[in-house]
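> Okay, handing you the structure first.
Bear in mind that the values in this text are calculations on the coordinates, not laboratory data. Keep in mind the model is a prediction, meaning the values are calculated, not measured. Cβ placement follows ideal geometry from the backbone for every residue including glycine, while neighbour counts extend to all protein chains displayed.
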Ligand code: BGP
C-alpha cells in the first residue's frame, strides 16, 4: 500500500507491557491476602490453580530488572483488591500495602512508570458473597479501595486505569469466572446490565476522586475495543455491525467519556427488558467522571451478519466469532484473517482501523493496554524461539504507527504480557510473555526466568523508539 511519510512515535512514548495480579503474582492466600472470586471458582479441568502463577510476588525484583533490561518505560500491573482489603472493605492488610509499595519503588528505581489497573477480574470473594457487582454497596467498597490506593501510592503513581475489560465482564463474565447471579434470577441479561451499571457508576466515582485527590495524576478506562465489520455489503449486515459495535464497544466508551448510555445499546437493553435501575444521583455521577486518556486492549476484530428471522439467542461474543442476538447481530468467521494456534483471528489492519475510529469518536490520547499472541512456547537449551510472536507484534506496531500518521494521538503500547502467566481459562500452556517462566501446568518447578527471542527483539524496538522493527 502506498502511504505518505510515516510520523515517528512521540519522544516520550510509553513502551512497556502488562500483567494482572491474579494471573501473575501467586501467593494468593499468603501474607494476609483474602480470596478473590478467582480463588474460589472451579478451575477448568486440566488447567492449574492460581496459587503460584508466575510467582511474581517472590520474584518481582528479578522481573522488574528484566523489564528494565528490555528498556521498559512503563509496566502495567494490577493491584489485587483482596490483598489490600481481604474482605473487600474495612480491615486493611499492611503486608499487602507493603508489597505494592515495594513493587512501585522497584519500578521507579529503573525509571519505569507504574501504570496501575485498579480492578482486573478479581473482586474479593467476600463481596461476591453479598451479591458482587449486583449489590449497590459494592460501589462504595470500590471507592474505598480506590481511596486507599490513591492515599498510599498516589505520590508515585501518575497513571491509573479503572476497570479492565468491563465490556468482557458483561459480555462473557461467566466464562472469565466473574459473573455471579442470584439464585432466583430469571433474566440474566437484566442482571448483567444492572451489574454493568454499578461498575460504570463506580468507575465515574473513582475518576472524579482521582482528580480531586491527585490533581497531577491521569486516569482512564481499559475496555477491550475492537471494530466490528459487516460480513458483507448488504445494508442489513451494516446495521448488524452497528448494533454489535454499540453493545461491544461504544456503550463503555460513550459512558466513560460523555457519561451517557449509547442509544443503540439502550435500545438493545429495552428489547431485552434489561434497562438498569438508576439510583438518585447516578445521572450526575456518570457525567462527573471524565477520563484523561483511554486505555484499551486489542486482540482482534469481530465480524457479524444480520441474523435470519428464525435465529434464536445464543452465547454472546466469545472474542472470536461473535455469538447470536436474535434480531440484532450474528457472529461470522472472517475468511480473510489467519488465526493463532488458539483460534484467535489476527488482524493488524483492524488495529489501525480501531484506533482511527476511536480517535475520531473521542479525541482523547490512547494507550494500548493489551495486545499479543498466546502460543505453546518451547524451552530448548535455555532458548525460546518465538518468531510468530515477533511477527504478530511487529505488524501491530507498524499499523499503530500508520494510525499515528493518520493523526491519532497515542501515548504508549503495553502488549500482553510482560512475562508468562496464567491464561484466563487455558492455564499455563497458553503463553504470551517476553520472559519465559519455567514451570509446567502442575509441576511449578522453580519458576526460573528465561529471555525469549522476542525479549531481545522488543529491546531493540524500544531502544530505537519503534524505528527498528
Ligand atoms: C484479556 C484479559 C487478560 C488476558 C488476555 C488473554 O481479555 O484482560 O487478563 O488473559 O485477555 O486472554 P487469555 O488468557 O484468555 O488467552
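> In the range 33-47, what residues are in a loop (DSSP other than H, G, I, E, B) and surrounded by fewer than 20 Cβ atoms within 10 Å (Cβ to Cβ)?
35, 41, 42, 43, 44, 45, 46, 47
> Which helices (runs of 4 or more DSSP H) sit wholly inside the range 117-176 and have at least 2 residues that are touching a strand residue (DSSP E or B) at 6+ places or on another chain (Cβ under 8 Å) and closer than 16 Å to residue 221 by Cα?
By residue number, 137-153, 166-176.
> Every residue in the range 418-458 that is in a strand (DSSP E or B) and either more than 11 Å from the ligand (Cβ to nearest atom) or free of Cβ contacts under 8 Å to residues at least 12 places away in the same chain (or both), please.
419, 435, 436, 437, 438, 448, 449, 450, 451
> What about residue 238, is it in contact with a strand residue (DSSP E or B) (Cβ under 8 Å, 6 or more places away or on another chain) and surrounded by fewer than 19 Cβ atoms within 10 Å (Cβ to Cβ)?
yes
> Let me ask another. Hey, residue 61 hits all of (1) surrounded by fewer than 20 Cβ atoms within 10 Å (Cβ to Cβ); (2) out of contact with any helix residue (DSSP H, G or I) (no Cβ under 9 Å at 6 or more places or on another chain); (3) over 22 Å from residue 133 (Cβ atoms) but one; which does it fall short on?
(2)
> To continue, here is another question. If we scan the range 181-204, do we find a residue that is in a loop (DSSP other than H, G, I, E, B), touching a helix residue (DSSP H, G or I) at 6+ places or on another chain (Cβ under 8 Å) and within 16 Å of the ligand (Cβ to nearest atom)?
no
> Let me spell it out: the conditions are (1) more than 16 Å from the ligand (Cβ to nearest atom); (2) in a helix (DSSP H, G or I), and residue 336 meets all of them except one. Which number is the exception?
Residue 336 satisfies every listed condition except (2).
> Follow-up question, since we're still on this one. Taking the range 266-310 as the region of interest, how many residues are closer than 20 Å to residue 188 by Cβ and either in contact with a helix residue (DSSP H, G or I) (Cβ under 7 Å, 6 or more places away or on another chain) or in a strand (DSSP E or B) (or both)?
Number of matching residues: 8.
> Restricting the range 377-417 to residues that are within 13 Å of the ligand (Cβ to nearest atom) and part of a loop (DSSP other than H, G, I, E, B), which is nearest to residue 56 (Cα to Cα)?
Taking the candidates together, the pick is 417.
> Moving to a separate point now. In the range 118-139, what residues are at positive phi and either over 20 Å from the mean Cα position of the chain (by Cα) or surrounded by fewer than 21 Cβ atoms within 10 Å (Cβ to Cβ) (or both)?
131
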